[in-house]
Amino acid sequence: MGRSRTPGRPQPGRRRPPRRGERRGPTLVGPRPGRRRPRPSEDQGGGAVGSSPRPTAPPPPRSDRSHLVTLLTERYGFVGELLQDPSVEEIIVLGGRRTFVVRNGTKELLPEVVDAKALRRIADQLLAGTGRRLDLASPIVSARLPDGSRVHITGPPVTRDDRLNIQIRKFVLAASGLAELVERETLTPAAADLLATAMRRDATILVAGAPGAGKTTLVNCLLREVPPDRRVVTCEEVFEIDADLPDMTQMQTREAGLDGTGAITLRDLVREALRQRPDRIVIGEVRGPEALDMLMALNAGCSGLATLHANSARDALDKLVSYCVLAGENVAIPFVRATVASVTDLVVFLRRTPEGRRVDEIGFVPRQLDHDVFTLEPLFVRDGHRLEWTGLRPDDPRFAAVRWDR
């Protein structure tokens, strides 16, 4: 008869498999019941039983600003320190050989000089995280930095091999509203009331001026007057518009990929904006055939707000027609001129002066009498240092409540 086997006991010559949590040699097969592994942050030695964890030594005192400047300098080189200088409005680096900054509208030369490799590293760091790239296939790049500044970089083969250029435009003078522009004497109270009424009553405004005249700042201030029930859709090459509205969608263009596909143009964004049920369409900067798409959108019942480069308020209307012609050969100029006049209500022209950015003229676009020349009624014109009301009132019931004699 064979030897009877007792259940639960290991047989001779056979090794019982370890139970969960049982030690065998130096290795623990599983966690012990009722025990947990200490966290790395807990005190695991040296202290008395029941003592509190060792306090972490606080970092050495250091001002937030100096710490941020150090971090930016380590990443962007000498450009990082300029980015944190509140007096600097614009930074221009020409191939690392010359560096200019603009303070209070005045350009000055700095002594900083860097070699081509260091400048290329700074350019790459500026574009890191923006979704933009700088290479032989894409030598011209515009992007928005985390602080809202706009960087524009041009490199080979557009420039010489050793002349990579970096230009950064900061928004250090951004105002919080039209009232602040009145305090800075950019506007008068009456002109500010006119523009605020235009935004509340869904009028279309063109903001024109030279580069750096303060167009984007004025657009941001105007958007703060939009009623909260309006839906706003913005279209930009690079995000610059900064307004906190309850119902606003912002879109920016995208460059083509390495395979040459996937580009999203400003024209694409304007057409897409119409599918989003907008009450107001905002174009960051009109400078091409997207002007025709904008006019078609405004002619469909939307109000608009756009900026463009021009030398006067009347010149802005003519330039808008020129941009529309770029959209194709079959664009009829008489139709474009009539459409521009029918959808545009106000034109605001800004000028950059040694005293600062100033609104130079505000004009109303009435019903046109001549199809070859735009008729523009000047409502406010700058006479010396002050923006004066001309005495004209627009023939439009939306502006009946404007307080012209403020």
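Quick note: the coordinates plus some simple rules give every number you see, no bench work behind them. Not measured: the values here are computed from a predicted model. Cβ sites come from the backbone with ideal geometry, for glycine too, and all protein chains shown count toward neighbours.
Note on the range 150-263: Cα-only Rg and Dmax are 17.8, 54 Å.
Each Lys and Arg contributes +1 and each Asp and Glu -1, all at the Cβ; summed about the Cα centre of the range 64-169, the dipole is approximately 320 debye.
Can you tell me which of 104-111, 351-358 comes out highest on packing, and rank the rest after it, using the mean Cβ neighbours within 10 Å? Walk me through the intermediate numbers first.
On the way: 104-111: 11.0, 351-358: 15.0.
The packing order, highest mean first, is 351-358, 104-111.
Using a cutoff of 8 angstrom between alpha carbon atoms and counting only pairs six or more residues apart, the relative contact order for the range 245-305 works out to 28 percent. For the pair Ser176 and Asp161 in one chain, pulling the backbone fully straight at 0.36 nm per residue adds 1.2 nm over the alpha carbon distance. State the percent of C-alpha pairs, over all pairs in the range 222-330, separated by a distance greater than 20 angstrom. Tail of the P(r) past 20 Å holds 42 percent of the pairs. Taking only the C-alpha atoms of the range 64-169, the Rg (one decimal) and the largest Cα-Cα distance, Dmax (whole number), read 13.1, 41 Å. Charge tally for His152 (other residues, Cβ to Cβ under 11 Å; Lys, Arg +1; Asp, Glu -1): +2. For the range 165-227, the spread of Cα coordinates along the three principal axes comes to 44, 24, 19 Å, biggest extent given first. Using only the alpha carbons of the range 264-406, what is the convex hull's orientation-averaged projected area in square nanometres? If I average the Cα hull's projected area over directions, I get 10.2 nm².
Determine the shape class of the range 352-406: with a ≥ b ≥ c the square roots of the Cα gyration tensor eigenvalues, call it rounded for a/c under 1.5, and otherwise prolate if a/b is greater than b/c, oblate otherwise. Verdict is oblate for the range 352-406.
Work out how much length Glu225 to Arg352 would gain on full extension: take 0.36 nm times their residue separation and subtract the Cα-Cα distance, in nm to one decimal. Let's see the in-between values first.
Numbers: separation 127, 0.36 × 127 = 45.72 nm, distance 2.41 nm.
Residue separation times 0.36 nm, minus the Cα-Cα distance, leaves 43.3 nm.
What does the net charge come to around Asp395 if you take all other residues with beta carbon closer than 10 Å to its beta carbon, with K and R at +1 and D and E at -1? Don't jump to the answer; show the numbers that get you there.
Details: positive: Arg367, Arg393; negative: Glu377, Asp396.
Local charge sum for Asp395: 0.
Within straight-line reach of Lys117, meaning a Cα separation under 20 Å, sit the following aspartates and glutamates at least 8 residues removed in sequence or on another chain: Glu74, Glu81, Asp135, Asp161, Asp162.
Please list 82-93, 243-254, 205-216 highest first by mean number of surrounding beta-carbon atoms within 10 Å per residue. It would help to have the intermediate numbers written out before the result.
Values: 82-93: 18.2, 243-254: 15.7, 205-216: 21.7.
The most tightly packed comes first, giving 205-216, 82-93, 243-254.
Between beta-carbons, use under 10 Å as the cut-off and find the net charge around His385, counting Lys and Arg +1, Asp and Glu -1. Could the numbers behind the result be given before it?
Working: positive: Arg358, Arg382, Arg386; negative: Glu185, Glu355, Asp383.
Taking every Cβ under 10 Å from that of His385, the sum is 0.
Would you please state which residues of the range 255-277 a label at Arg133 would reach in this model, taking the label point 7 Å out along Cα→Cβ and a backbone N cut-off of under 12 Å? Correct set: 255-261.
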